[in-house]
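One structure is given here, and the rest of the page talks about it.
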Amino acid sequence: MQARSGLERHRQLRQWVADRLRAEILDGRRRPGDWLRQESVAREEGVSQTPVREALKQLVAEGLLEHVPYRGIRVVTLSVEDAEDLYASRAVLEPIAARHAARAITPDEVRELTSLHERMVACEIPARLREYRDLNRRFHEAIIGASRRPFLTRTLGHLWSAFPTMLWSNVPGIATTSSPEREDPDAAEHAEIVAALTAHDPDRAAAAVKRHVEEAGRTLVAAMRAHP
């Protein structure tokens, strides 16, 4: 019993370290290309090296970190091509999820989406940009979850676990401020998505999500090219 309890505490500590490091990466406190030394991270986080080693392995598996042979582990650097591929993938898969969600979404899920949309609209930018981006992620995840399609949910969950947030937070000039040209269109596009899902219109929902993802990708890629 004690051994099992100790193992559970170890798992919790490993996950705590992984969550801390993930948040630091997504917030831009650990930048693309930064090296993460096991000993230094353990000292900074006030833990032993064992949970740090396991947390680093977890984040490598998630794609936030990369292992460079004979060098160590560092935060991945995402290129313009990575951003293009990510949003191209989302522009194919998320409309499929939205199409299924339009058929299966419940009144409670519609109310949750509406609430998330209204909270985003109420966010003052840039003061509440971090909150806005978190709400935006939850908005998209709610649509994906409403699709009731396990494979799509798992696949898109991996794409959304880090990369959109990480890409935005690591582009100079828009890391702490939004792209002005996207503020009003973003709100209008979200409203159209909610309306389509509320109407249980699969074609309208799929088209609205596709247009929204493609426009967000276009803006991000343009920002990355302007701030290489």
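The values are calculated or read from the model by the stated rules, or taken from the named source; none is laboratory data. Note that the structure is a prediction, hence the values are computed from the model and not measured. Because the Cβ atoms are built from the backbone with ideal geometry, glycine has one as well, and the counts that use them run over all protein chains shown. Accessible surface areas use protein heavy atoms only, side chains included; no ligands, DNA or RNA. Shrake-Rupley method; radii C 1.70, N 1.55, O 1.52, S 1.80 Å.
Within the range 175-218, being among the β-branched types (Val, Ile, Thr), touching a Ser or Thr at 6+ places or on another chain (Cβ under 9 Å) and modelled with pLDDT under 90 holds for one residue alone: THR176. Scanning for something open to solvent by less than 40 Å² (accessible area, probe 1.4 Å), among the acidic types (Asp, Glu), touching a residue at least 40 places away in the same chain (Cβ under 8 Å) and touching a helix residue (DSSP H, G or I) at 6+ places or on another chain (Cβ under 7 Å), does the range 79-91 turn up at least one residue? No: the range 79-91 contains no residue that is open to solvent by less than 40 Å² (accessible area, probe 1.4 Å), among the acidic types (Asp, Glu), touching a residue at least 40 places away in the same chain (Cβ under 8 Å) and touching a helix residue (DSSP H, G or I) at 6+ places or on another chain (Cβ under 7 Å).
Among the criteria (1) of a type in the set (Lys, Arg); (2) open to solvent by 50 Å² or more (accessible area, probe 1.4 Å); (3) not in a helix (DSSP H, G or I), the one ARG30 does not fulfil is (2). Residues of the range 77-97 include none that is touching a strand residue (DSSP E or B) at 6+ places or on another chain (Cβ under 9 Å) and in a helix (DSSP H, G or I). For first residues located in the range 52-75 and free of Cβ contacts under 8 Å to residues at least 12 places away in the same chain and closer than 17 Å to ARG20 by Cβ, partners that are open to solvent by 40 Å² or more (accessible area, probe 1.4 Å) and part of a strand (DSSP E or B) and lie 6+ apart or on another chain with Cβ distances below 7 Å do not occur. Cβ-Cβ contacts under 6 Å between residues 6 or more apart (or on different chains), taken from a first residue in the range 30-44 that is aromatic (Phe, Trp, Tyr) to a second residue that is open to solvent by 70 Å² or more (accessible area, probe 1.4 Å), are listed as TRP35/ARG74.
Which of the residues belonging to the range 98-118 are hydroxyl-bearing (Ser, Thr, Tyr) and in a loop (DSSP other than H, G, I, E, B)?
Within the range 98-118, THR106 is the sole residue that qualifies.
Only one of the numbered conditions (1) in a helix (DSSP H, G or I); (2) at pLDDT below 95; (3) among the aliphatic types (A, V, I, L, M); (4) surrounded by fewer than 20 Cβ atoms within 10 Å (Cβ to Cβ) is violated by ILE125, and that is (1).
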